[in-house]
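K.L.:
The structure's right below; bear with me while I get my questions together.
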C-alpha cells in the first residue's frame, strides 16, 4: 500500500456531508439537495439535473476560486487547501454563534479566508442554519457527543441496501423500528422510510439515502413516528446509472449524532487541517493534532527543543538512507491513523557529484516550494523542513545494504522521473489491500457499535463527489479502471465500472484492493507541461523504487511491488536499522531517542523500524486497523 500528502480520501468523506452546501442558489428556483426537514415540513430535492458548476459557484461565494488543473496536476494541492477553507466557512456560517465562539481561538489561526465575513447563504444552508439554531436553543443534549471522540465522527454508518420491490428493517439510535421500501414506477424510484417506537423523547435521527447518482438526507426527530417519501428520478440518468439503482439499490446510512453535533464534528475535523494553508504549524492547531494522535493512534509526541542547528553532517549520511517525516497539519496525522505509521511522509538520501540531496515525491503548497519528483540540497532541505514545521528523523541503511546500493542506478532512476507529478493515481490503491480491514474505525475501539469508514460510503461518494469536482477523479477512477479493465485509459465512469466489475464476477469492494504491480502507466503530467504515460509514485513508493533501482531487493529478484507499500512498510523493512552509535549532537538534543531527530518541536520515534524481512509479493493483502494495526507475518 502507498500513501502521501493528499486529502483525496478525506475530501470524499467531508464532501459527502458538505455537499449539502451545494444547495438551492438564492437567485434561482433550481433544487439541488434533499433536506427532509420535519420541523418545517419542507422538502428540497437534490437531483442529477444539478450542474457541476454549482461547486465552482459555491467556492467562489467564499472568495475561493477553483484552480484550473487542466495544465498542471499539482493544482490539486491548491484545490485541497481551498476546499478545507470552504468547509471551515460552511461550518462557521451554519453553526450557532454560541457553538462557534467555543472555537474562536483556533479559528483565529486560519489563514487565507476571513471567516468573520458575511457570505450569501444558499437556500438550504439557510435551512440548516435555522434548524441548528433551534436545536442549540432548545436542548444542549443534541450537541453532546455520544463517545467523546469528535474527529471524523461525522461519518455515517452503512445500514444496508434496499432493492426495488424489496423492504429492509432495522433499529436505530432514536427508533426501535425503522422500515424502508423502494418502488419503481413512471420513470422514478420512490423510497419510503417509516419510523416507530422512539427510544427516547429528545432525539434527532438523520439517515443518508444514496445511490451513485443522487442522495437525500432525511431527518426523523423523536418522539412522534411516521413515514416519509423520497423521490429519485431516472429520466436524466445514463444506462449505467439506472443499472446501479436497479441492481445495487438504495444505500442507507445512519449518522451517529444529531445534525447539530454532526456539523460541529465536521468543524472539529476541518480544524486539524488549518496548517495546509500556513507556512508553519500554529501552536493551538498543533495541540489539536497531538491530541488526535494520542487518542486515535496511540502516538504520544512529547515537546522537545529544536536546537536550530545542523545535527548530522553530510559525511554521516549515505545514499539510500531514509528520512521519516511528520507534520502536525491534519493530513500527516490522518495518514498515520490510516496506516498505523509514525510518519506521514518519507524521503531518501542521494549523493551525486559530491553533493548530498534529499529526494522525494511531494506537492508544492503553502509551506513547500517544489512540486512532484524532486531533490533538494541537504542543508537547504533541512532549513525548509524546519520552517515548515516538519519533524524529521534519519534512519541509515544497514551497512550491508549501504555497500550494495548502486548509487549510479539510483540517480539514473531519479533523473528519468524528475519533475513527474505526485502519484495521486494510486493513492487509494495503495491504501486498500482488503475488502474491509483497511477502513479505519474511530474510538472507542472496544465499542459494540463501531463507527467506521466503509467501502459502501466510497462506493456512492466517489461518483457523486467527482461529478461536482472532476479533478478528484485522479485518485479514484484511473486506478479503478486499471483494476477492472486492465487499462488506466479505459475512461469508464464509476457506475460503468461497477457494472463491468460485476459482469466479471468481481466483488465491488475488491476494486481498490486489487494488488498492483510496479510499472503500470497512467496519464501523467511533468512540471514542464509534458504529458505522457508514466508510473505513479506517492512518497513511500518513490523511496521504495529508488531502493529497487539500486538493487536493494535483488535477493528476492525484485519480486516486490513498491506500489503496495505504506510508510510503515518501508521503514519497517530490515534493510534499515537504528545507528549503533549516534552523533554527540543527536544524543544531546534527544537523549532517549534511538534515532537522530534532525528537526521538529515534538519528539518523533519509529518503534518498528527495521523489523520485517523482505519477501516476494510483500504486503499485498495486509489489514491496517487501529488501535493495534496487527497483520499476519506474510500478508
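K.L.:
So, in segment 172-186, of the ones that are in contact with a strand residue (DSSP E or B) (Cβ under 7 Å, 6 or more places away or on another chain) and not in a strand (DSSP E or B), which residue ends up nearest to residue 287 (Cα to Cα)?
P.N.:
Among residues in segment 172-186 that are in contact with a strand residue (DSSP E or B) (Cβ under 7 Å, 6 or more places away or on another chain) and not in a strand (DSSP E or B), the one nearest to residue 287 (Cα to Cα) is 173.
K.L.:
Here's another thing I want to ask about it. Can you name the residue in segment 135-171 that is closer than 27 Å to residue 192 by Cα and assigned to a helix (DSSP H, G or I) and is also modelled with the lowest pLDDT among such residues?
P.N.:
142
K.L.:
In segment 436-450, is there at least one residue being buried (at least 21 other Cβ atoms within 10 Å of the Cβ), not in a loop (DSSP other than H, G, I, E, B) and not assigned by TED's automatic domain parsing to the domain that holds residue 566?
P.N.:
Yes, the conditions are met somewhere in segment 436-450.
Conditions tested, residue by residue: (1) under 25 Å from residue 303 (Cα atoms); (2) modelled with pLDDT of 95 or more; (3) in a loop (DSSP other than H, G, I, E, B).
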| site | (1), (2), (3) |
| --- | --- |
| 591 | yes, yes, yes |
| 594 | yes, yes, yes |
| 609 | yes, yes, yes |
| 628 | yes, no, yes |
| 632 | no, no, yes |
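K.L.:
Also: Of the residues 513, 532, only one is under 30 Å from residue 371 (Cα atoms) and in a loop (DSSP other than H, G, I, E, B); which?
P.N.:
After ruling out the rest, the residue left standing is 513.
K.L.:
Of all the residues that make up segment 187-209, how many are exposed (fewer than 14 other Cβ atoms within 10 Å of the Cβ) and assigned to a loop (DSSP other than H, G, I, E, B)?
P.N.:
Summing the residues that are exposed (fewer than 14 other Cβ atoms within 10 Å of the Cβ) and assigned to a loop (DSSP other than H, G, I, E, B) in segment 187-209 gives 3.
K.L.:
Another one. For segment 249-271, enumerate the residues that are over 30 Å from residue 138 (Cβ atoms) and under 19 Å from the mean Cα position of the chain (by Cα).
P.N.:
None; the set is empty.
K.L.:
Ok, one more. Scan 97, 102, 93 and give me the residue that is more than 19 Å from residue 469 (Cβ to Cβ), without any contact (Cβ under 8 Å) to a residue 40 or more places away in the chain and crowded, with 19+ Cβ neighbours inside 10 Å.
P.N.:
When all the criteria are applied, what remains is 93.
K.L.:
Yes or no: residue 367 under 20 Å from the mean Cα position of the chain (by Cα), surrounded by fewer than 24 Cβ atoms within 10 Å (Cβ to Cβ) and under 16 Å from residue 599 (Cβ atoms)?
P.N.:
So residue 367 fits the description; yes.
K.L.:
Considering every residue within segment 474-482, establish whether at least one is on the phi < 0 side of the Ramachandran plot, touching a strand residue (DSSP E or B) at 6+ places or on another chain (Cβ under 9 Å), not in a helix (DSSP H, G or I) and not assigned by TED's automatic domain parsing to the domain that holds residue 238.
P.N.:
Yes, segment 474-482 contains at least one residue that is on the phi < 0 side of the Ramachandran plot, touching a strand residue (DSSP E or B) at 6+ places or on another chain (Cβ under 9 Å), not in a helix (DSSP H, G or I) and not assigned by TED's automatic domain parsing to the domain that holds residue 238.
K.L.:
Has segment 339-346 got any residue that is crowded, with 24+ Cβ neighbours inside 10 Å and part of a helix (DSSP H, G or I)?
P.N.:
Yes, that holds for at least one residue.
K.L.:
Please work out which residue is farthest from residue 525 (Cα to Cα), limiting yourself to segment 67-88 and to residues that are in contact with a helix residue (DSSP H, G or I) (Cβ under 9 Å, 6 or more places away or on another chain) and at pLDDT below 75.
P.N.:
67
The values are calculated or read from the model by the stated rules, or taken from the named source; none is laboratory data. Owing to the predicted nature of the structure, the values given are computational and were not obtained by experimental measurement. So basically every Cβ, Gly included, is an ideal-geometry build from the backbone, and we count neighbours across all protein chains shown.
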